[in-house]
1. For K92, all conditions in the list (1) within 23 Å of M1 (Cβ to Cβ); (2) loosely packed, with under 15 Cβ neighbours inside 10 Å; (3) not polar (S, T, N, Q) hold save one; what is the number of the exception?
2. Does S22 satisfy the condition of being at pLDDT below 95 and not aliphatic (A, V, I, L, M)?
3. Which residue, of K146, K126, K118, is in contact (Cβ under 8 Å) with a residue 12 or more places away in the chain, crowded, with 22+ Cβ neighbours inside 10 Å and charged (D, E, K, R)?
4. Hey, can you tell me all the residues within segment 113-127 that are farther than 14 Å from P137 by Cα and charged (D, E, K, R)?
5. Report, by residue number, each residue of segment 96-110 that is of a type in the set (A, V, I, L, M, F, W, C) and out of contact with any helix residue (DSSP H, G or I) (no Cβ under 6 Å at 6 or more places or on another chain).
6. Residues that are at pLDDT 95 or above and of a type in the set (D, E, K, R), at least 2 per element: which helices (runs of 4 or more DSSP H) completely within segment 112-214 meet that?
7. Could you go through segment 46-64 and let me know if any residue there is under 22 Å from I105 (Cβ atoms), more than 20 Å from the chain's Cα centre (by Cα), not hydrophobic (A, V, I, L, M, F, W, C) and not in a strand (DSSP E or B).
8. The conditions are (1) assigned to a strand (DSSP E or B); (2) modelled with pLDDT of 95 or more, and L31 fails exactly one of them. Which is it?
Amino acid sequence: MYKYVKSILDFVFALIGFILLSPVFLLVVILIRIDSPGKAVFRQERTGKDGKPFLMYKFRSMLSTEVEFDKEHPVINDDNVNLTKVGRFIRKVKLDEAIQLLNIIRGEMSFIGPRPLKPEYLAEYKEWEKIKLKVRPGLGGLAQIKGNGHLEICERNYYDMKYATEMAFFKDIVIFFKTILVVLKGEKSFVEHVDKEILSILNGEDVKAKDQLE
């Protein structure tokens, strides 16, 4: 039931948010264009609900949008030499992602949910990691308030799976307000690593423990 209500709430608040933030978005576009050559907004293919691809909007924060990602650490670090001055700032305050309100309005994303990754990661997912695809990807999620860039990709996928299986209104509210704290204090202050034994069981590496768990 909540997932249907959530879709309506997402659309309404995303539309209101986009209208209210339009002047800020215009300012960001101007600053990006002044700071470095190239488009201020670009679209990148990502994996959405049920594994369906979609084009995600993003403010350009780097000199080039064609950056080689480390598949074990897909989150770009703040000290990346490809980041522009304006890009570093808008990433810090999460404004580079705010334009994804358009994706929420289009029904491709949600405010809260697993962050969508590039399609090439999908082929490497284990079955338990694909559970995250049962819900729409979000602007922010459980993994982002647990350390995000300071976590291994399997840890983020664990938190994404946990969110997808336990999605609830109250939990979304908690994630929303904790996301604000993360923006203010930084990801490093909220790092919570996943127990290695849990990951071993999920990955089928600890067969004995997995049998006991079942």
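The values are calculated or read from the model by the stated rules, or taken from the named source; none is laboratory data. The structure presented is a predicted model; accordingly, all values stated were derived computationally and were not measured. Heads up, the Cβs are rebuilt from the backbone with ideal geometry, glycines too, and the neighbour counts pull from every protein chain shown.
1. (1)
2. Considered against the rule, which asks whether it is at pLDDT below 95 and not aliphatic (A, V, I, L, M), S22 comes out as no.
3. Result of the check over K146, K126, K118: K146.
4. Across segment 113-127, the qualifying residues are E120, E124, K126, E127.
5. Just the residues of segment 96-110 that are of a type in the set (A, V, I, L, M, F, W, C), to begin with: 98-99, 101-102, 104-105, 109.
Hits for segment 96-110 are A98, I99, L102.
6. Numbers: elements: 153-166, 169-185, 196-202, 207-213.
Per the criteria, 153-166, 169-185.
7. No, the conditions are met nowhere in segment 46-64.
8. (1)
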